[in-house]
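Chemist: Mind looking over this structure? Questions follow.
Quick note: the coordinates plus some simple rules give every number you see, no bench work behind them. Since this is a predicted model, take the numbers as computed values, not measurements.
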Amino acid sequence: MITDIKRLIRKKQHLYNKSKKPSHKKAFKDIRSLIRNKLHKNYWDYLNNMLDPEQDNNSKKFWKYIKSRKQDTMGIGTLKNNGVLAETAEQKAEMLNNQFTLVFTTENTTNMPSKGNSPFKPMKDIKIGEKALNRLNPSKATGPDKVPVRILKETANIITPILTNIYQVDQHRPNTRGLEKCQHSSNI
């Protein structure tokens with residue numbers, strides 16, 4: 001910030017206070033634009049002077065600037081649990097894993113309530129045709145199984161019978177109703 005820019009900023013503030021009147025609004029916008037341009041020019045002049053090879057005697061400013069612009073992280077710091085420090089990556093991973101397993105609950109699925117009889121007809125066998133997989137658009141997003149569409153399309157002739165067997169076996173499994181079980185097993 002040099003003196004003439006500070007002076008312009010004070011003038012801008014003065015015009016802003018008066019900008020309620022239409023006659024001062026244009027002057028305020030003009031000076032605001034001028035200040036923005038001057039600040040931008042001074043910033044780039046400062047960076048260019050910092051990178052000037054003739055002034056290479058003090059590179060401390062340069063490296064300070066580079067460090068301030070970095071956005072990568074240095075990883076997870078040292079963790080402490082029950083007075084024990086975890087410093088290596090394996091110890092940190094183990095400590096975080098233990099923390100997350102304590103937080104989340106596991107549900108008892110042995111006594112799940114029954115939904116009763118379905119009002120819908122049972123589904124027919126699902127048959128996946130090779131033509132259907134070849135018509136897939138590879139630029140579309142992946143499904144819930146996270147398999148890229150491009151892989152499905154390129155391997156259609158190999159995986160068609162496998163997928164058909166998976167869906168038919170799952171559908172004929174006892175206590176299985178409809179597509180919801182099919183979708184869960186397709187994530188296997």
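Chemist: Can you tell me what percent of all Cα-Cα pairs in region 93-169 are more than 17 Å apart?
Modeler: Value for region 93-169 (Cα pairs over 17 Å): 68 percent.
Chemist: Now for a different question. Would you mind checking Lys18/Lys64; Lys6/Lys26; Lys18/Lys70 for any pair whose Cα atoms are more than 30 angstrom apart?
Modeler: Those over the limit are Lys18/Lys64; Lys18/Lys70.
Chemist: Would you calculate the convex hull of the Cα atoms in region 1-151 and tell me its volume per residue in Å³?
Modeler: Spread over its residues, the Cα hull of region 1-151 gives 504 Å³ apiece.
Chemist: Continuing with the same structure: Under the 0.36 nm per residue contour assumption, what length would be gained going from the current alpha-carbon distance of Phe62 and Glu154 to full extension?
Modeler: Working: separation 92, 0.36 × 92 = 33.12 nm, distance 5.06 nm.
Here the segment from Phe62 to Glu154 would lengthen by 28.1 nm.
Chemist: Sticking with this one: Given a cut-off of 27 Å, name the pairs among Lys11/Lys41; Lys29/Lys67; Lys12/Lys41 whose C-alpha atoms lie farther apart than that in the structure shown.
Modeler: As for pairs spanning more than 27 Å Cα to Cα, those are Lys29/Lys67.
Chemist: May I pose another question? Just to confirm my numbers, what's the Cα centroid distance between region 126-168 and region 2-19 in Å?
Modeler: Using only Cα atoms, the two centres lie 65 Å from each other.
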